[in-house]
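Enquirer: First the structure, which I've put down as structure tokens, then a few questions once you've had a look.
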Amino acid sequence: MTMATWRNWARTESASPQRFETPADTAELADVVQRSTAAGRRIKAAGAGHSFTGVAVTDGTLLSLDRMSGIVAVEPTATGARVTVRAGTRLHELNEQLWMHGLALANLGDIDVQSVAGAISTGTHGTGAGFAGLAAQVCATTVVLADGSIVECSPDHEPDLFEASRLGLGAVGVLATVTVDCVPAFRLRAEERPGSLRGTLAALDGLVGADHFEFYWFPHTDGVLTKHNTRLPGSTPVEPVGRARGFVEDEVLSNGIFGAFQYLGTAAPAAIPRLNAVSSRALSPRTFVDRSYRVFASPRRVRFREMEYAIPVAALPEALGDIDRWVRGTGATVGFPVEVRFAAADDVWLSTAHGRDTAYVAVHEFHRRDHQPYFAAVEAIMRGVDGRPHWGKLHTRTAEDLKPAYPRFDEFVAVRDRVDPDRVFANAHLDTVLGP
Ligand SMILES: Cc1cc2nc3c(=O)[nH]c(=O)nc-3n(C[C@H](O)[C@H](O)[C@H](O)COP(=O)(O)OP(=O)(O)OC[C@H]3O[C@@H](n4cnc5c(N)ncnc54)[C@H](O)[C@@H]3O)c2cc1C
């Protein structure tokens, strides 16, 4: 099948692949990969196209695993269940299906439209100082290699390929299935309230002790919105957010009103500090209880560009202070709140939280504004505190300077050299961040 043009969600990347393939099962996937390799075409699988970089781009064969969706097996364990899922399954579909089994993913990011394979391949994470990112929940994978061979991977079988495939940027093969450690279904009590940046940073040690804590800081102001999500049993009754209040908060922070403010700020950047002050004051406290995945994720209808850095938690006040000083010192205008999240250290080779408890600092810019001066300034600050860039978001780092940031980088590259010496799964972006 041919396809005119593929574009990512942020409209920062596009591709015109020679072939577009949508295999229905692992055998068909293996056949497509084997034939593409034999024809000399490079191969990439794309999920929902929600990476901001060119990580999923190819001019060869572009695979969509949208037809490879749904749960394959559920194996109960002492702490929940190991669930094997087809790699193209979208997170929102998986969440619903898990709930029917009395199960849930332990943590999630702030949207749920990604594919399972795409989400783990770039290290997607949520917030919660006691919880690691999605790739850390993966306990087995089925990978199709460049020659079409199908390899079952786990810590006991092909352990190196397992490690490289559970956060692999699509560089070692195509994931056909992923097995995830799931927990019993749970609800979350969400408590959201406005506060001050100074007060939040002063109380940070206590705040990050919540199950899932994050905050949004509105540059040009001292205003923040804090979010504490507390885990409750799955049988806890739902307490819906009032319709009017839910509408106002979601619209002010992420969607309609927020979008209108972005257009206003683009036309008149000098108004941005006032618009931020209005936004931060418009938010009022609210509490609600719902299924975990309905609280973790929400729609994002305003298109933006994003860069996110993982830094040691202790460096957070200094890093935010430096961003604030840069904004004030240069007269730059920043219309999007800065999102701050937390995650536990993990052992995934290329995880941005590898080996250290982590704070994530995410900066955004409306798609119609030039993000580069702001992102370049923040990136310089993040480099200064040993930051690691999110693998699916914008940054300018290269293999040479990423390697010292990841103790297992060389092992990852060694697996890549072994299973894909001809770089069938490479593209320009991977040449930059992993090396040719
Ligand atoms: C609005 C928005 C909100 C976001 N929120 C968060 C968040 O809260 N937390 C967070 O950490 N990130 C977040 N992200 C980033 C996003 O989770 C990642 O970029 C993720 O990779 C997107 O998944 P996808 O299915 O769109 O994959 P794509 O972007 O399509 O692909 C990502 C990578 O996965 C590879 N891949 C896809 N399928 C396969 C497969 N079957 N086998 C092997 N490799 C495969 C691709 O080749 C590519 O390398 C957000 C992005 C957006 C646009």
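The values are calculated or read from the model by the stated rules, or taken from the named source; none is laboratory data. As the structure is a computational prediction, the values presented were derived from the model and not from experiment. In this analysis, Cβ positions are derived from the backbone assuming ideal geometry, glycine residues included, and neighbour counts consider all displayed protein chains. SASA here: full protein model, heavy atoms, side chains in, ligands and nucleic acids out. Shrake-Rupley method; radii C 1.70, N 1.55, O 1.52, S 1.80 Å.
Enquirer: Using a 1.4 Å probe over the heavy atoms of the protein chains, calculate the carbon and sulfur portion of the accessible area of segment 355-436 as a whole percent. The partial results should precede the final answer.
Expert: Working: 1680 of 3330 Å².
Roughly 50 percent of what the probe reaches on segment 355-436 is carbon or sulfur.
Enquirer: How would you order 375-382, 346-353, 230-237 from highest to lowest mean count of nearby Cβ atoms within 10 Å?
Expert: Details: 375-382: 19.1, 346-353: 23.0, 230-237: 13.4.
Answer by packing, highest mean first, reads 346-353, 375-382, 230-237.
Enquirer: Highest mean first, how do 117-126, 279-288, 389-398 rank when packing is the count of other Cβ atoms within 10 Å averaged over residues? Walk me through the numbers on the way to the answer.
Expert: Details: 117-126: 27.1, 279-288: 16.6, 389-398: 19.8.
Ranking the peptides 117-126, 279-288, 389-398 by packing returns 117-126, 389-398, 279-288.
Enquirer: Ignoring solvent entirely, what values of log10 I(q)/I(0) come out of the Debye formula for segment 149-193 at 0.27, 0.32 Å⁻¹ when each Cα is a single scatterer?
Expert: -1.04, -1.31
Enquirer: Show that you can apply the helix-only estimate: for the chain, add -39,500 (n - 2.57) for every DSSP H stretch of four or more residues, divide by all residues, and state [θ] at 222 nm to the nearest 500. Present the calculation step by step, with values, prior to reporting the outcome.
Expert: On the way: 15 runs with 136 residues, N = 436.
It lands at -9000 deg cm²/dmol.
Enquirer: By how many degrees, 0 to 90 and rounded to 10, does the Cα axis of helix 91-100 deviate from the longest principal axis of the chain?
Expert: Taking the Cα atoms of the chain, the angle to 91-100 is about 90 degrees.
Enquirer: Note the full-extension length gain between Q34 and D417 as 0.36 nm times their separation in residues minus their Cα-Cα distance, in nm to one decimal. If you can, show how the numbers build up before the last one.
Expert: Working: separation 383, 0.36 × 383 = 137.88 nm, distance 1.82 nm.
Computed gain between Q34 and D417 is 136.1 nm.
Enquirer: A follow-up question, please. Which ³J(HN,Hα) values in Hz, rounded to whole numbers, follow from the phi angles of segment 112-127 under the Karplus curve 6.51 cos²θ - 1.76 cosθ + 1.60, where θ = phi - 60° and Gly and Pro get x?
Expert: 9, 8, 5, 7, 4, 5, x, 5, 6, 5, 10, x, 4, 9, x, 10
Enquirer: Non-local amide H neighbours of C139 (under 5 Å, H modeled in plane, Pro and chain starts lacking H): which ones?
Expert: Correct list: T179, V180, D181.
Enquirer: Which order do the peptides 96-108, 127-139 come out in when sorted by mean C-beta neighbours inside 10 angstrom, highest first? Kindly include the intermediate steps, with their values, before the conclusion.
Expert: Working: 96-108: 19.5, 127-139: 22.9.
The packing order, highest mean first, is 127-139, 96-108.
Enquirer: Please say if segment 186-389 is rounded, prolate or oblate, where rounded means a/c under 1.5 for a ≥ b ≥ c the square roots of the C-alpha gyration tensor eigenvalues, and otherwise the choice is prolate for a/b larger than b/c and oblate otherwise? Display every interim value, and only then the final one.
Expert: Working: a/c = 1.76, a/b = 1.12, b/c = 1.57.
Note, shape of segment 186-389 comes out oblate.
Enquirer: Apply the Karplus curve 6.51 cos²θ - 1.76 cosθ + 1.60, θ = phi - 60°, to the phi angles in segment 36-52 and return the couplings in whole Hz, x for Gly and Pro.
Expert: 5, 4, 4, 7, x, 9, 6, 10, 9, 9, 10, x, 8, x, 9, 8, 7
Enquirer: Provide the gained length on full extension for the span Q18 to A428, in nm with one decimal, where the gain is 0.36 nm per separating residue minus the Cα-Cα distance.
Expert: Details: separation 410, 0.36 × 410 = 147.60 nm, distance 1.64 nm.
Taking 0.36 nm per residue and subtracting the Cα distance, the gain is 146.0 nm.
Enquirer: Taking H placed 1.01 Å from N in the peptide plane, check which residues at least 5 places from A132 or on another chain put their amide H under 5 Å from its amide H.
Expert: Amide H neighbours of A132: A344.
Enquirer: Under 5 Å between amide H atoms, partner at least 5 residues away or on a different chain: which partners does F20 have, H built in plane at 1.01 Å?
Expert: T2, M3, L62
Enquirer: Pulled fully out, how much extra length does the chain show between E152 and T230, if you take 0.36 nm times their separation in residues and subtract their Cα-Cα distance? Walk me through the numbers on the way to the answer.
Expert: Values: separation 78, 0.36 × 78 = 28.08 nm, distance 3.63 nm.
Result: 24.5 nm gained on full extension.
Enquirer: Nearest 10 degrees, 0 to 90: what angle lies between the long axis of helix 272-282 and the longest principal axis of the chain (Cα atoms)?
Expert: The two axes meet at around 80 degrees.
Enquirer: Please list 3J(HN,Hα) in residue order for segment 411-427, calculated via the Karplus relation 6.51 cos²θ - 1.76 cosθ + 1.60 where θ = phi - 60°; whole Hz, with x for glycine and proline.
Expert: Per residue, the Karplus-derived 3J(HN,Hα) values read 5, 4, 5, 5, 5, 4, 4, 6, 8, 9, x, 8, 6, 4, 9, 7, 8 Hz.
Enquirer: Counting only heavy atoms of the protein chains, get the accessible area per residue of the chain (1.4 Å probe) and round it to a whole Å² value. Write down the numbers at each step before the final one.
Expert: Details: 16870 Å² over 436 residues.
That works out to 39 Å² for each residue.
Enquirer: Based only on Cα atoms, what mean projected area does the convex hull of the chain have, in nm²? It would help to have the intermediate numbers written out before the result.
Expert: Numbers: hull surface 78.4 nm².
The orientation-averaged projected area of the Cα hull of the chain comes to 19.6 nm².
Enquirer: With charges set only on the Cβ (+1 for Lys and Arg, -1 for Asp and Glu), what does the dipole of segment 340-436 come to about its Cα centre, in debye to the nearest 20?
Expert: Numbers: 13 positive and 15 negative charges, 62 e Å.
The dipole of segment 340-436 has a size of about 300 debye.
Enquirer: Computed FRET efficiency, Cβ-Cβ of H101 and R303, R0 35 Å: what is it to the nearest 0.05? Walk me through the intermediate numbers first.
Expert: Details: r = 35 Å, r/R0 = 0.99.
Here the calculated transfer efficiency is 0.50.
Enquirer: Charges only on Cβ, +1 for Lys and Arg, -1 for Asp and Glu: so what's the dipole of segment 186-389 about the Cα centre, in debye to the nearest 20?
Expert: Working: 25 positive and 24 negative charges, 141 e Å.
The calculated dipole for segment 186-389 is roughly 680 debye.
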